[in-house]
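> Just passing along the structure, written as structure tokens.
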Amino acid sequence: MDFLARFIPNMVSVSPVERLRAALGAFLGILVTAGVTALALGQGPELPLLVAPIGASAVLLFAVPASPLAQPWSMLMGNCLAAIVGVSCATLIGPTPIAAALAAAFSIGLMLSFKCLHPPSGAVALTAVIGGPAITELGYGFVLWPVGINSVLLLLAAVAFNRLTGKQYPHRPAPAPAIEAKVIPFAPKVSLGISVEDLKSAIRERDEIVSVDPVDLEEMLERAALLAFSRRSAGVTAGMVMTRDVLSVQPGTSLRIALRTMRSHEVKALPVVDMNGQVAGILTQTDILEKAEWGPMIHASSGLGWRLRSMSNSDKPLRGKVRDVMTSQVATVTEAMPIALVIKLMLDSGHHHLPVAGDNNTLKGMVTQADLIAALFGAGVDDLARIA
């Protein structure tokens, strides 16, 4: 059984709906291609409406439209390039096995060189050589018809059908699923460890064609990492690890008072709430250090080091209100959010502290990196449940 299992591909099954969608798309694509060709050019007994490799192209365009092998450039350039090579070999050598082998070989090499690898194109090259007298008589006209016209019509059908059925074609990587939180719009996306460039480097090391867009592969790996982390964290949520009696300030609070609060309670960030208790932003030590006005500075004691000493020793030079320097577009999380998503949100937003908001965006608490580390390496899930 193990020996036989080696011949079965390790593929993840798709849903019955997806199977039906792919089959219906291939049916309509081939039907449209043949029908429009017949209407436009007529049907004679000596010339085919379709070439057989178009059926193989339909498999890619409708069953795996996200594959790099199924993209418009791959299909159109691959088929036409293979047709030119096949006709050339048939013309120079004749319809012989050597010509067929050379046509397939040169087609593969050229498709790899021009980044238009399309497996059915190998069959196009063979058809040009061994397709019979009707194909041979077409000469280089075979490139235009039936190969070129069939390819264009099937491609148009694939674009229309895939988009109508919810598939992005030509393919673009799907956006990552939205996290149920307010996310800073300008925050850079940070991977959980593996980048697109890492994947490209690994593929180059293997020196093999991988029929998956590296961007899609990165998104799948990141999603898998989140699912695995969620499984290992056993359902721990932000509400189970957050600090509930959290200190806060208002936009109109003096920065001097805010800094004193941070010092006295040994915290590095304070959520900012309005008069209704709704989260209006966050104030961090970095905000005070980099954005605040520090009053007159002695020319010999200016710069970052002077500010760091002032934050530690005296707040007298500090000027302004919290609203002047706070980050207003802050990411927030809900109590029910799994900590796996909280960690990803911290990576994406660049914040080490995230306010926890309830209904109407009212402040419920704060989750910090320290809270998450304590949850992962300190108290067990049962202890966290009791704390919550």
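Just so you know, all these numbers are worked out from the coordinates, no wet-lab data involved. Bear in mind that the values here come from a model prediction, so they are computed numbers and not experimental data. Cβ coordinates were reconstructed from backbone atoms using ideal geometry, including for glycine residues, and neighbour counts include every protein chain displayed.
> Check residue 281: other-chain or 5+ apart residues with amide H under 5 Å from its amide H, H built from backbone geometry?
The list, which skips near neighbours in sequence, is 272.
> Through the Karplus equation 6.51 cos²θ - 1.76 cosθ + 1.60, θ set to phi - 60°, convert the phi angles of the range 246-257 into ³J(HN,Hα) values in whole Hz; use x for Gly and Pro.
Once θ is set to phi - 60°, the couplings for the range 246-257 become 8, 6, 8, 10, 9, x, x, 5, 5, 5, 5, 5 Hz.
> On to the next question. How would 237, 362 line up from fewest to most surrounding beta-carbon atoms within 10 angstrom?
362, 237
> Beyond a 23 Å Cα-Cα separation, which of these cross-linked pairs lie in this structure: 268/344; 268/321; 291/364; 268/364; 115/344?
In this structure, 291/364; 115/344 lie more than 23 Å apart at Cα.
> To continue, here is another question. Each residue of the range 153-169 in turn: what ³J(HN,Hα) in whole Hz from Karplus with 6.51, -1.76, 1.60 and θ = phi - 60°, glycine and Pro shown as x?
Using θ = phi - 60°, the values come out as 5, 5, 5, 4, 5, 5, 4, 5, 5, 4, 5, 5, 9, x, 9, 7, 9 Hz.
> Order by neighbour count: 74, 254, fewest other Cβ atoms within 10 Å first, most last.
Fewest-to-most Cβ neighbours within 10 Å comes out as 254, 74.
> A follow-up question, please. Considering amide H positions built from the backbone, and no H for Pro or chain starts, which residues 5 or more places from residue 269, or on another chain, come under 5 Å of its amide H?
Distant-sequence amide H within range of residue 269: zero hits.
> Another question about this same structure. What does the highest-first list of 345-358, 319-332 look like by mean Cβ count within 10 Å?
345-358, 319-332
> In addition: Hey, can you grab everything whose amide H is under 5 Å from the amide H of residue 364? Only 5+ residues off in sequence or another chain; H modelled, so Pro and N-termini drop out.
Placed amide hydrogens put 356, 357, 358 under 5 Å from residue 364.
> Translational D (Stokes-Einstein, µm²/s) of the range 88-167 at 20 °C and 1.002 mPa s when Rh comes from the Kirkwood sum over C-alpha pairs?
Translational D for this selection: 155 µm²/s.
> Just to be sure I understand the model, the point goes 7 Å from the Cα along the line to the Cβ. What's the resulting residue 266 to residue 115 distance in nm?
In this crude spin-label approximation the distance works out to 5.5 nm.
> Now, a different point. How large is the translational diffusion coefficient of the range 12-164 in µm² per second when you combine the Kirkwood radius over alpha carbon pairs with Stokes-Einstein at 4 °C and 1.567 mPa s?
83 µm²/s
> Taking the Cβ of residue 170 as the centre, find all other residues whose Cβ is under 12 Å away and add up their charges (Lys, Arg: +1; Asp, Glu: -1).
+2
> Listing 161, 106 from the residue with the fewest other Cβ atoms within 10 Å to the one with the most, what is the order?
106, 161
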